[in-house]
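The values are calculated or read from the model by the stated rules, or taken from the named source; none is laboratory data. This one's a predicted model, so the numbers in the text were calculated from it and none came from an experiment. No Cβ is skipped: glycine too gets one built from the backbone with ideal geometry, and neighbour counts run over all protein chains shown. Quick note on the areas: whole protein, heavy atoms, side chains included, nothing else; ligands and nucleic acids left out. Shrake-Rupley method; radii C 1.70, N 1.55, O 1.52, S 1.80 Å.
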Amino acid sequence: MSTVTAVAVVLGIALAAVVTTSVGVPGAGAAPACRGDRISVSALSTGCVVSDGTVVLPDGRQFRVPPVGTTVSAMPVGASGTADEGDVSVTNTGRSGVAVLVHDDWSGSPAAIRQERAALAHRTLLSGSALRTAGGAASSTAAASGSSSCSSTAYAKLGFRWTGPVEWGYNPNNQKVSGAAAIGAGADAWTGTTTACGRTVRSTADDTYTGSRKVAMGITATGGCGTSDGANMVGWGSLRAGTLAVTCVWSRGGVAVEADQRYSTSVAWSATTTCSGSRFDLRGVATHEWGHAWGLGHTASSSGLVMKPASTTCETGQRTLGLGDLIGIDALY
């Protein structure tokens, strides 16, 4: 072998070793991976990339990590006298990690938080209708109505909306009452021409009931969200004490792609026109949960609005939108 050939062979071997090392071993700056059935929020703070697994919040709620580019949000309603657990959003940004938002508190990967905070601010500040700045006119209307739900113009956007009709099915397994009609009325309270507190808006939110189907909801007994299957399902199941219902919505870039609802089997319900006794009005609670499904968050407990975080027994007044509820749905649709 000539000297030139020998040198070439040696250089080739050395180059192959460098290439193999650089491809086979992650670079020093690469993010670690998190995986498992109990990924803590503190683990997420390392910036780890999550392709599969379940995040457990400090309050015990569990969320299956959504696909990259997807946010999953859980919105509960509680019984009056219980603490507001807070709306939750879990966003998988991919390389930047996972960001978690509970109430107004962020946790998880710092890079993911920065990315999602900016994206959420953009989505929630999108322009709405003139009703958002009604101001004094809204106050005078409320005074004339005499209703506490007409005294507040408050609403909160969750950062997602639907771009087409929501086709949903009802799973009657373990139902406490025959609930499809009452839940459907809760959905329809937000759609089409809607009047409340002397104001009328035309909402483009739209839904279609597709009938009874025994398909599971992607909602966990802890009040968190499981795996998305692309079907919008409403049904019944166990939930934590004090929680009446939970809605989970999966969205991508602010566009909702799936919504599931779960109503508690641990409380007494009423699905009749009138309500009596220590029962919770299913239609009123469903109106609240559909407000979440459409993209609205909680308002203050004192607001008197549909979107306040808790319901009392036989609260049939929650079937009807208040002023802030009306302004909110008009701002979104």
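Things worth noting here:
- On the principal axes of its alpha carbon atoms, segment 190-333 extends 42, 40, 29 Å, with the longest extent given first.
- Apportionment of accessible area to carbon and sulfur, segment 258-320, percent (1.4 Å): 46 percent
- Surface composition of segment 176-230: carbon and sulfur atoms hold 51% of the protein heavy-atom accessible area at a 1.4 Å probe.
- Using heavy atoms of the protein chains and a probe of 1.4 Å, the accessible area assigned to E167 is about 110 Å².
- Antiparallel content of DSSP bridges confined to segment 24-116, in %, to 5: 75 percent
- Reach of K214 by Cα under 22 Å, taken over lysines that are not fewer than 8 positions away in the same chain: K176
- Cut-off 13 Å (backbone N to label point 7 Å along Cα→Cβ of S278), residues of segment 230-270: 267-269
- Average accessible area per residue (Å²) across segment 238-308 - probe 1.4 Å, nucleic acids and ligands excluded: 30 Å²
- Positive minus negative residues near R240 (Lys, Arg vs Asp, Glu; Cβ under 12 Å): 0
- Stretching D37 away from A111 to a fully extended chain increases their span by 24.3 nm, per 0.36 nm per residue minus the current alpha-carbon distance.
- Label point 7 Å beyond Cα of R252 along Cβ direction - residues of segment 57-72 with amide nitrogen under 14 Å: 66-72
- Backbone N within segment 219-245 under 19 Å of label point (7 Å from S266 Cα along the Cβ vector): 219-226, 235-245
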